[in-house]
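Data first, discussion second: the structure below is written as structure tokens.
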Amino acid sequence: MTEPEKSKEPQGTKGWSTGTKALVGIVVLILVLATLAVFTLTVVVMGSLTGSSLPYTTNYRVTLPDGEPVTIGNSRILVASYDNELFCDVDGTKEKLVVGQQRVIGPGHAKVTVMGLPVIETDFQITLTYLGSTGKNANFDMSVKTSTQVPEMVIRHIIPSSMNAQPV
């Protein structure tokens, strides 16, 4: 082939078309924004309710490490178990629990932001039901009641990993 014949190749066989480039650019932009959203997700917990009802509930099975403080939202929880009894300290308020007894944490108000922009605001209340202890952990059923539907990813953001939360 001579030099002039090479330039007569059909259009589109070299590189991507403009539409394909635009589609790839949009997909990359969406992936970058989604990654930024996940890494900039913040939950700010305030101690007061706005007075709304709490119709939405999410349930978890959790463990609290015996003798180690855990923070959920703004509440600091410390438990010490002995046989089928548990001594529970939530923000300085101590209570003795037996298997099946409940402890209410909260209520509170949470504001969720992504990339600095408010996304969700909700009132919430957490209820722990003591199930007994195994080894160095106290086992609980935990229900999180909210005034608005909140994605599980957001709720998991305020539950510390040391609680080993498993949805029920």
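The values are calculated or read from the model by the stated rules, or taken from the named source; none is laboratory data. Bear in mind the structure is a predicted one, so any value in this text is a computation, not a measurement. Neighbour counts are summed over all protein chains in view; Cβ atoms, including those assigned to glycine, are modelled from backbone coordinates with ideal geometry. Surface areas here come from the heavy atoms of the whole protein model, side chains and all, with no ligands, DNA or RNA. Shrake-Rupley method; radii C 1.70, N 1.55, O 1.52, S 1.80 Å.
A search for C-beta distances below 8 Å between a residue of segment 70-84 that is modelled with pLDDT under 90 and any residue that is exposed (fewer than 15 other Cβ atoms within 10 Å of the Cβ) and among the charged types (D, E, K, R), counting only pairs 6+ apart in sequence or on different chains, returns SER75/ASP91.
The criterion of at least 1 residues that are open to solvent by less than 50 Å² (accessible area, probe 1.4 Å) and among the basic types (Lys, Arg) is met, among strands (runs of 3 or more DSSP E) falling completely within segment 42-135, by 102-114. Can you find, within segment 4-34, the residue that is farthest from the chain's Cα centre (by Cα) among those that are modelled with pLDDT of 85 or more, open to solvent by 70 Å² or more (accessible area, probe 1.4 Å) and among the β-branched types (Val, Ile, Thr)? Taking the candidates together, the pick is THR18. Sub-8 Å Cβ pairs linking a first residue in segment 145-161 that is in contact (Cβ under 8 Å) with a residue 24 or more places away in the chain to a second residue that is open to solvent by 30 Å² or more (accessible area, probe 1.4 Å) and of a type in the set (Phe, Trp, Tyr), at least 6 apart or interchain, are LYS145/TYR56; THR146/TYR56; SER147/TYR56; THR148/TYR56; GLN149/TYR56; VAL150/TYR56, ordered by first then second residue. Cβ-Cβ distances below 9 Å connect the following pairs, each with a first residue in segment 105-123 that is under 11 Å from SER52 (Cα atoms) and among the β-branched types (Val, Ile, Thr), a second residue that is at pLDDT below 85 and surrounded by fewer than 17 Cβ atoms within 10 Å (Cβ to Cβ), and a separation of six or more residues or different chains: THR122/SER52.
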